[in-house]
Amino acid sequence: MDTAMALLAEGSIQYNLHPAHPGMPLDHPLTEDAGTMWKTVSPILFATTETYERNIEIEAVHADGELAVVWTQTKTITHRKGKEEPMVLEFSEMYFLVNKDDTGWRIAGNANNRPVDEIPVG
């Protein structure tokens, strides 16, 4: 997680068009702090899965000075503990990147249209 967190710009935002799980409110907030979300999700993901695979195919990149946008097609394969069949999700993502003060590219925002998965919460 330290490596992943180092990729986030200070104040980075996660945009979620859909709730992640059944049982979550349908009127969930569109945005949340990306670092907080990653720190909340990662212990749950790591504790409930045998393996998690994230395959990303970059579809388009546009960079202009300190700003860049990257569009991807993403496929996740989650082998959950106690389940024979993996959960497979396919969706697109958009990464908004910044390179302030020549510190390297960092994720300032991520938007996705990830479908609601099959893991109930609540």
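Yes/no per residue for (1) without any contact (Cβ under 8 Å) to a residue 60 or more places away in the chain; (2) part of a strand (DSSP E or B); (3) of a type in the set (G, A, S):
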| residue | (1), (2), (3) |
| --- | --- |
| I13 | no, yes, no |
| P19 | no, no, no |
| P25 | yes, no, no |
| T36 | yes, no, no |
| E59 | yes, yes, no |
| V70 | yes, yes, no |
| T78 | yes, yes, no |
| F96 | yes, yes, no |
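Of the residues T49, T103, which is in contact (Cβ under 8 Å) with a residue 12 or more places away in the chain and either surrounded by 16 or more Cβ atoms within 10 Å (Cβ to Cβ) or out of contact with any helix residue (DSSP H, G or I) (no Cβ under 7 Å at 6 or more places or on another chain) (or both)?
Working: T103 fails: in contact (Cβ under 8 Å) with a residue 12 or more places away in the chain.
Going through T49, T103 in turn, the sole match is T49.
Hey, could you check the range 56-88 for residues that are within 13 Å of the chain's Cα centre (by Cα) and farther than 28 Å from K100 by Cα and say which is surrounded by the most Cβ atoms within 10 Å (Cβ to Cβ)?
Looking at the filtered set, the residue picked out is T76.
With respect to P120, is the statement that it is surrounded by fewer than 11 Cβ atoms within 10 Å (Cβ to Cβ) and touching a residue at least 60 places away in the same chain (Cβ under 8 Å) true?
Values: surrounded by fewer than 11 Cβ atoms within 10 Å (Cβ to Cβ): yes; touching a residue at least 60 places away in the same chain (Cβ under 8 Å): yes.
In short, yes.
Mind counting the residues in the range 41-56 that are over 20 Å from Y95 (Cβ atoms) and of a type in the set (S, T, Y)?
Step one: list which residues in the range 41-56 are over 20 Å from Y95 (Cβ atoms), which gives 43-44, 46-51.
Then keep just the ones that are of a type in the set (S, T, Y); that gives 48-49, 51.
So the count comes out to 3.
Here, each number is a calculation from the coordinates, and none is a lab measurement. Quantities reported herein were computed from a predicted structural model and do not represent experimental measurements. FYI the Cβ positions are ideal-geometry reconstructions off the backbone, even for glycines, and counts take in every protein chain you see.
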